[in-house]
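No value in this document is a laboratory result; all are computed from the given coordinates. As the structure is a computational prediction, the values presented were derived from the model and not from experiment. Glycine gets a Cβ as well: all are built from the backbone with ideal geometry, and neighbour counts include every protein chain shown.
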Amino acid sequence: SIEHRISELESSLARNEEQLDILLRNLKIYELNISKIADNLEELLSEETSIKEKYNNLLQGASMDTVSVTAVDDESVEEKSGQASGSSAENLIQQRYHFLDNLNFSFQKLDNDLQSISSLQTEMLNARSKIFEKKEQALEKKVVLEENGSALKEECEKLESDLEISVREEEVLTLEYAQLINKVEGSIVLSDDIDRILFSSLTNVDE
């Protein structure tokens, strides 16, 4: 029946709307994550640029204090400096060794920082690619759900309109039937009167 079909369409439309709402929430989450990843990538790029600048400054002979690069433990430096308090030549040699050790340590730390940043950038870019892929799939599903929802709504509205027209036509027919019945009943009453008059006339004739 039309009523049953309308009920089915309304249920399908409700499910379609629910799926569309979930999809829209997911799209907002995707957009939020993409924005966060963009911010993180910008921060990583800024940090990478700063580290490379320090790296170049060290290569050009800038002091580690000027470049703001952490050397080996201060206690270790003081201990070795104390041990290198012999003759001037030996002291200079020890200081050179300490300087080279600290310089190598600084470069190693910068290398590790750059490697960590590179790994994080790769992870972020991979995550963003996957999110973009999921977002694209969600947008395609959104189009399908919106088209499906429009079709369901259109069919439901048409059936409701047809049902309303059918009900009105039924009301008109019912009214016409009622009027016809009233006319028939009136004719029956009139016939009864005619029969009575005729019967009365016949009786009078017999007399």
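Simple spin-label model, 7 Å along Cα-to-Cβ: Leu180 to Phe107 in nm?
Here the answer is 10.8 nm between the modelled labels.
What does the extension gain come out to for Leu24 and Glu169, with contour length at 0.36 nm per residue minus their alpha carbon separation?
47.9 nm
For Ala38 and Gln115, calculate 0.36 nm times their separation in residues minus their Cα-Cα distance, and state this gained length in nm to one decimal.
Length difference between fully extended and current span is 25.8 nm.
How about Lys109: which lysines have a C-alpha closer than 22 Å to its C-alpha, ignoring those fewer than 8 places off in the same chain?
List returned: Lys52, Lys54, Lys80.
Using Cβ counts within 10 Å as a stand-in for footprinting exposure, how do His98, His4 rank, fewest first?
Starting with the residue having the fewest Cβ neighbours, the order is His4, His98.
Okay, which of the stretch 35-60 sit inside 18 Å, backbone N to the point 7 Å along the Cα-Cβ direction of Ala127?
35-48
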